[in-house]
Amino acid sequence: MQRISRRDFIKTTIAGGIGTIALNNIAKGEGNTRTMTHYIAAYDTESPNCLAACRKIVDIHRRYEIPATFFIVGKVLEASPNEYKELLNNPLFEVASHTYSHQMLKDHAIGGKAASEDKIRDDILLGKALVERVFGRPCIGIRSGWGFDKGLAGAPIPLKYINESGFQYVSSMLWGPDSSLPALLTEPFSYSADGYPKLWELPGHGWHENILKKNTFIPQRLTLWPSPMPEAIPKGFISTPEEEFAINRIFLEKAVESGNSYVSLIWHPWSLHSFDPEMKMLELTFAHVRKLGLKSCTYTDIFHKVSSS
Ligand SMILES: [Zn+2]
C-alpha cells in the first residue's frame, strides 16, 4: 500500500494554494488556528428514515456553508429520486455511492460473510449508475456497507468491479485494528499492492455513531486493550448530543495535532435524527471545526489532492 507522506501532502496543498501554517496550541482552544488538516462531513444515507433527517442536515450545512459528501444506498435513492435530487443538487455537496443494497463486499469478523460475486458486482455497478442517472454527474466514490479494518486490501473481487466500473476512490476502512472501534485516524493509501495504483482508499474515522448510542446493538467485544485511543472510549452508551460532541472533538483535535490530511466521522442520518432531532451535535461539531481552523471539503476534494501528489 502506498501511503501519502505528510511532506507530500504539504507540497500538494501548497501547490493548490491552501495555507499550511504550523499548528498553534490546540489545547488552548484558540480560534483562527490555521492547519493543513481538512474536515469532511459525510453521511451514510441508507434507510427510508434518512430523507427527513437529510432535510435538517442540509439546512444546517447551508447555514454554515460547510460542504458534505452523501454516500447513498441505491435502493434508498431509487425510492425518492426527485426528493434527493432537489435536496442535494447543490455545489456544496458531493453525492457518492453507498452501494446499491448494502451488501457485504468482504468477510467481516462481526458483520458476517461476503455476498456472492454476482451480488457484489451488481451492488457496485447499480449503485454507481443510479447516482449518475439521478444527479446527471459522475460518481467517482463508493463507501462500502459496514467497512473493514483493512479496507478492501486483499479483496480482489470487490476491487476488480470497483476499478472496472470507474470509481476512483473507495471509503471502506471504517474499523480499527482487529475489527475494533473506534476507527483510528488512518491516512489515505492507494491500492497499488493489490494491483490498482490509481484507486485510492479514503478511510473514515472514529465511531459508527449508531453503535455509540445503541441505535444498532452489537453484543460483542468492540474495543482493544490496551487501547490506542482510551480517551475516545466512553464508559457506556451515550445519551446526549453534548456527549457525542465531546467524543467528536477528540478526533478533530488529534487529527490536527498529528498533522493528518483530513478527519471524517462516520455518521448515519437516520441515527443522528432519532437521537438528536434538533441536530444540536452537528452545530456543536461545525462550530468546533471553525474554531480549530479546519478547512471543510468533500471526499472528492481530498481524492484530487492525494492522487495528484
Ligand atoms: Zn451503511
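Rundown of residues vs (1) away from the ligand (no atom under 16 Å from the Cβ); (2) surrounded by 20 or more Cβ atoms within 10 Å (Cβ to Cβ); (3) part of a loop (DSSP other than H, G, I, E, B), yes/no style:
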{"site": "Gly154", "(1), (2), (3)": "yes, no, yes"}
{"site": "Leu159", "(1), (2), (3)": "yes, yes, no"}
{"site": "Ser171", "(1), (2), (3)": "no, yes, no"}
{"site": "Pro203", "(1), (2), (3)": "no, yes, yes"}
{"site": "Glu231", "(1), (2), (3)": "yes, no, no"}
Worksheet item: How many of the residues in the range 275-309 are of a type in the set (Val, Ile, Thr), touching an Asp or Glu at 6+ places or on another chain (Cβ under 8 Å) and more than 18 Å from Arg62 (Cβ to Cβ)?
Response: 1
Item to complete: Select from the range 44-87 the residues that are within 16 Å of the ligand (Cβ to nearest atom), in a helix (DSSP H, G or I) and within 18 Å of the chain's Cα centre (by Cα) and write down the one among them that is nearest to Thr285 (Cα to Cα).
Response: Ile57
Discussion item. Can you list residue pairs whose Cβ atoms sit under 6 Å apart, with the first residue in the range 97-123 being modelled with pLDDT under 95 and the second being part of a strand (DSSP E or B) and crowded, with 16+ Cβ neighbours inside 10 Å? Count only pairs 6 or more apart in sequence or on different chains.
Written reply: Gly111/Trp146
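In the range 98-136, which residue that is touching a Lys or Arg at 6+ places or on another chain (Cβ under 6 Å), more than 16 Å from Trp175 (Cα to Cα) and not hydrophobic (A, V, I, L, M, F, W, C) is surrounded by the fewest Cβ atoms within 10 Å (Cβ to Cβ)? If you could, list the steps in order and put the result at the bottom.
Filtering the range 98-136 down to residues touching a Lys or Arg at 6+ places or on another chain (Cβ under 6 Å) leaves 98, 101, 103, 107, 114, 134.
With more than 16 Å from Trp175 (Cα to Cα) added as a condition, the list becomes 98, 101, 103, 114, 134.
Then keep just the ones that are not hydrophobic (A, V, I, L, M, F, W, C); that gives 98, 101, 103.
On the way: His98: 28, Ser101: 18, Gln103: 20.
Among them, the one singled out is Ser101.
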Worksheet item: In the range 241-257, how many are touching a Lys or Arg at 6+ places or on another chain (Cβ under 9 Å) and surrounded by fewer than 22 Cβ atoms within 10 Å (Cβ to Cβ)?
Response: 3
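The values are calculated or read from the model by the stated rules, or taken from the named source; none is laboratory data. Just so it is clear, the structure is predicted and the values come from calculations on it, not from any experiment. Here the Cβ is made from the backbone with ideal geometry for all residues, glycine too, and neighbour counts use every protein chain on show.
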